[in-house]
1. Taking a ≥ b ≥ c as the square roots of the Cα gyration tensor eigenvalues, with a/c under 1.5 meaning rounded and otherwise prolate when a/b beats b/c, else oblate, which class fits the chain?
2. For the chain, modelled as a GNM with alpha-carbon contacts under 10 angstrom, which of 85, 11, 197 fluctuates the most?
3. For a quick check of your reading of the filter: which GluC sites (Glu not before Pro) in the range 1-93 sit in a DSSP loop and have no more than 13 other Cβ atoms within 10 Å?
4. Do you know the relative contact order of the range 139-271, to the nearest whole percent, from alpha carbon pairs under 8 angstrom that are 6+ apart?
5. Each label point is 7 Å from the Cα along the Cα-to-Cβ direction; what then is the distance between the points at residue 66 and residue 195, in nm?
6. Just for the Cα atoms in the range 182-258, what are the lengths along the principal axes, largest first, rounded to whole Å?
7. To the nearest 20 Debye, how big is the dipole of the chain about its Cα centre, given +1 on the beta carbon of each Lys and Arg and -1 on that of each Asp and Glu?
8. Once you list every other residue whose beta carbon is under 15 Å from the beta carbon of residue 253, what net charge do they have if Lys and Arg are +1 and Asp and Glu are -1?
Amino acid sequence: MQLLDGKLTSNTLKDEIAKEVSKVLAQGGKKPHLAAILVGSNGASETYVNAKVKACEKVGFDSTLVRMSEDVSEEELLNEVRKINENPAIDGLIVQLPLPKHISEIKVTETIVPEKDVDGFHPVNLGRMTLNLPTFLPATPAGIVELLDRYDIETSGKHCVVIGRSHIVGSPMSILMARNAKVGNCTVTLTHSRTTNLEEISRSADILIVALGKPEFVTADMVKEGAVIVDVGITRVKSDKTKSGWKLKGDVAFDEVAPKCSFITPVPGGVGPMTIASLLKNTLISARGK
Ligand code: NAP
């Protein structure tokens, strides 16, 4: 078994991005600039946004973090998005999800102009991805593709099973793995909570991508010998062994699954850092396009 080390790979990617930024600056260009909006004070969201801001600093980007209170109205949030849309100094905008129940996530996503939608969630960008046109690929699936690519994982003709059909991970992931591309050309099965024979399907996967948000859901008996496992899940579970009182768990029971597979992503240190690196890559592309 070999680890698909997202931390290491994302650091390589970040070094490449930082070099690109230095080149742009040496030619008199401007630093790429990412803006993030954080609504409320959800602990996990706070951690993710801070990691994104820190990553911007590391590669030499400017960043702006806009904090809004939990009870902000939908209209106020949309106005902030519109303001950033019109700000020529900002290249990319992300609104950290999830949002409070009274705010429509799709409305917010649709309000971000596609040219600054570096999370790749806007319907225009998802549509362009489906048509295999140049676009901002959704950050998590794009990070997974990059990781598989950098480890030279053979995907052509393989059976890829994706567990979870969210708009931000599972669904776009299934489309990317089926594309006619270097990482792609898989026969894809997209599964969800209504799938009846999940264990059997998952056992037939050469590549298993798991994104459902249920800690240690995938056990050794659901995995084929030699399979490639990508664990997207991140759930905070209580722990009396850490100072914070919680630790992160993936959707795969790592200890029992790892010995059975050829490659596997750890949690943390797998898909998470790759997501951030993809976000930076999209922001760089956006800045370059100006
Ligand atoms: P989500 O919106 O929470 O959706 C979960 C999906 O899992 C749904 O499609 C659901 O099916 C499916 N599901 C639930 N129970 C199932 C079961 N028993 N069998 C099969 N499918 C089942 O998912 P998400 O936003 O993609 O998040 C999934 C996990 O990934 C979470 O832990 C999240 O924190 C993590 N995540 C990590 C990153 C990263 O950068 N590493 C990024 C994004 C998300 P239905 O559609 O039928 O309800």
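1. Cα axes put the chain in the prolate bin.
2. Comparing 85, 11, 197 in the GNM, the peak value goes to 197.
3. 70
4. Relative contact order for the range 139-271 comes out at 21 percent.
5. Placing both labels 7 Å along Cα→Cβ, they lie 3.8 nm apart.
6. Its Cα atoms span 44, 29, 22 Å along the three principal axes.
7. Using Cβ point charges on Lys, Arg, Asp and Glu, the chain gives about 480 debye.
8. Working: positive: 203, 214, 247, 249, 260; negative: 199, 216, 221, 231, 251, 255, 256.
With Lys, Arg at +1 and Asp, Glu at -1, the net is -2.
The values are calculated or read from the model by the stated rules, or taken from the named source; none is laboratory data. Computed from a predicted model, the values in this text were never measured in an experiment. Using ideal geometry, Cβ is built from the backbone for each residue, glycine included, and neighbour counts are taken over all protein chains shown. To get the accessible areas, we keep the full protein, side chains included, count just its heavy atoms, and leave off ligands, DNA and RNA. Shrake-Rupley method; radii C 1.70, N 1.55, O 1.52, S 1.80 Å.
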